[in-house]
Amino acid sequence: AWYIKSGSNKRKEAIQLMRSTIRARARSDELVLAVVRSGVGAHDSHTLGVDLASAFASTSVETALIDASFDSAWRQPEFRHHAFSLQEVVGSDEEAVNALVDGTSGDGPLHDDLMIISAGEPDMAVDVLAGPAVSHLIDVLRETRDVVVVLCDEVGAATTQGLLDRCDMVLFVARPGVTTTASLLELHDE
């Protein structure tokens, strides 16, 4: 909501530059981007992910934002206005997942081109997130949306590792003096 409502300022220009850089490095028009963090609070990481998704949507790029971060109870207020949740996807077959996506209108509460998929309850097992239902959801979103932004847990969290192999790019959110070189190298190796 901040990104869409705000005028021109340095933070918004930085988000726009990040969006342009990500788009320039994308290998195809459809992009699944994971936002992963290390030494950065969930609030800061989520805010960056929401701002990036809003930045893509504000340029008429059909965007989906998936909150797949379960290691923090904090949620963006905007996530109350979601299309559906990952919890609804987990127990569904392919037809039910298709129906969830198809049943969501193109008009989101924040922006016409922004679909928000909330986390649901934070007690999901990791193997479920790495399972066929969430995999199919990402495949469907890849076909129906131009950009999919996936908000992930801290680097090294099992939920994060279960999702990274489904993403085309990873945006690693770090804080100088907190994020270690070892954690960066570990993520790169994986």
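The values are calculated or read from the model by the stated rules, or taken from the named source; none is laboratory data. Fair warning: this is a prediction, and the values are worked out from it, not measured in the lab. Every residue, glycine among them, receives a Cβ derived from its backbone with ideal geometry; neighbour counts consider all protein chains shown. Heads up: the accessible areas ignore ligands, DNA and RNA and are worked out on the full protein's heavy atoms, side chains in. Shrake-Rupley method; radii C 1.70, N 1.55, O 1.52, S 1.80 Å.
Number of residues in region 131-164 that are of a type outside the set (Ser, Thr, Tyr) and closer than 22 Å to Val40 by Cα: the value is 15. Within region 34-86, take every residue that is over 17 Å from Cys152 (Cβ atoms) and at pLDDT below 85 and give me the one that is least open to solvent (accessible area, probe 1.4 Å). Filtering region 34-86 for residues that are over 17 Å from Cys152 (Cβ atoms) and at pLDDT below 85, the one least open to solvent (accessible area, probe 1.4 Å) comes out as Phe84.
So that you can scan it fast, the table gives a plain yes or no per residue for (1) of a type outside the set (A, V, I, L, M, F, W, C); (2) in contact with an Asp or Glu (Cβ under 7 Å, 6 or more places away or on another chain); (3) at pLDDT 90 or above; (4) open to solvent by 40 Å² or more (accessible area, probe 1.4 Å):
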site: Pro122; (1), (2), (3), (4): yes, no, no, yes
site: Ala133; (1), (2), (3), (4): no, no, no, no
site: Leu137; (1), (2), (3), (4): no, no, yes, no
site: Asp146; (1), (2), (3), (4): yes, yes, yes, yes
site: Cys152; (1), (2), (3), (4): no, no, no, no
site: Gln161; (1), (2), (3), (4): yes, yes, no, yes
site: Asp165; (1), (2), (3), (4): yes, no, no, yes
site: Val170; (1), (2), (3), (4): no, no, no, yes
site: Arg175; (1), (2), (3), (4): yes, no, no, yes
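Could you please let me know if Leu185 is open to solvent by 70 Å² or more (accessible area, probe 1.4 Å), among the hydrophobic types (A, V, I, L, M, F, W, C) and either in a loop (DSSP other than H, G, I, E, B) or at pLDDT 80 or above (or both)? In short, yes. Of all residue pairs spaced 6 or more apart or on separate chains, those with beta-carbon atoms under 6 Å, a first member in region 54-83 that is part of a loop (DSSP other than H, G, I, E, B) and a second member that is at pLDDT 80 or above and hydroxyl-bearing (Ser, Thr, Tyr) are His82/Ser118. For beta carbons closer than 8 Å, sequence separation of 6+ or different chains, a first residue in region 93-104 that is on the phi > 0 side of the Ramachandran plot and assigned to a helix (DSSP H, G or I) and a second that is of a type in the set (A, V, I, L, M, F, W, C) and exposed (fewer than 15 other Cβ atoms within 10 Å of the Cβ), there are no qualifying pairs.
For the subset of region 87-108 comprising residues that are at pLDDT below 85 and of a type outside the set (Val, Ile, Thr), which member is nearest to Ala157 (Cα to Cα)? Spell out how you get there, then give the answer.
So the first thing to find is which residues in region 87-108 are at pLDDT below 85, and the list is 87, 90-91, 103-108.
Now restrict to residues that are of a type outside the set (Val, Ile, Thr): 87, 91, 103, 105-108.
Values: Gln87: 19, Gly91: 22, Gly103: 32, Ser105: 33, Gly106: 32, Asp107: 33, Gly108: 30 Å.
Ranking the qualifying residues of region 87-108, first place goes to Gln87.
Any idea which residue in region 19-33 is most open to solvent (accessible area, probe 1.4 Å), counting only those that are outside any loop (DSSP other than H, G, I, E, B) and in contact with a strand residue (DSSP E or B) (Cβ under 8 Å, 6 or more places away or on another chain)? Write out each step before concluding.
Within region 19-33, the first condition is being outside any loop (DSSP other than H, G, I, E, B), and the residues that meet it are 19-25, 31-33.
Now narrow it down to the ones that are in contact with a strand residue (DSSP E or B) (Cβ under 8 Å, 6 or more places away or on another chain): 22-23, 25, 31-33.
On the way: Ile22: 14, Arg23: 76, Arg25: 171, Leu31: 4, Val32: 0, Leu33: 2 Å².
Going through the qualifying residues, I end up with Arg25.
Pairs only if they're at least six apart or on different chains, beta carbon under 7 angstrom, first in region 32-53 and under 20 Å from Gln161 (Cα atoms), second polar (S, T, N, Q) and open to solvent by 10 Å² or more (accessible area, probe 1.4 Å); list them, first residue then second. Close Cβ pairs (under 7 Å, with a partner that is polar (S, T, N, Q) and open to solvent by 10 Å² or more (accessible area, probe 1.4 Å)) amount to Ser38/Thr179; Ser38/Ser183; Gly39/Thr179; Ala42/Ser72; His46/Gln76.
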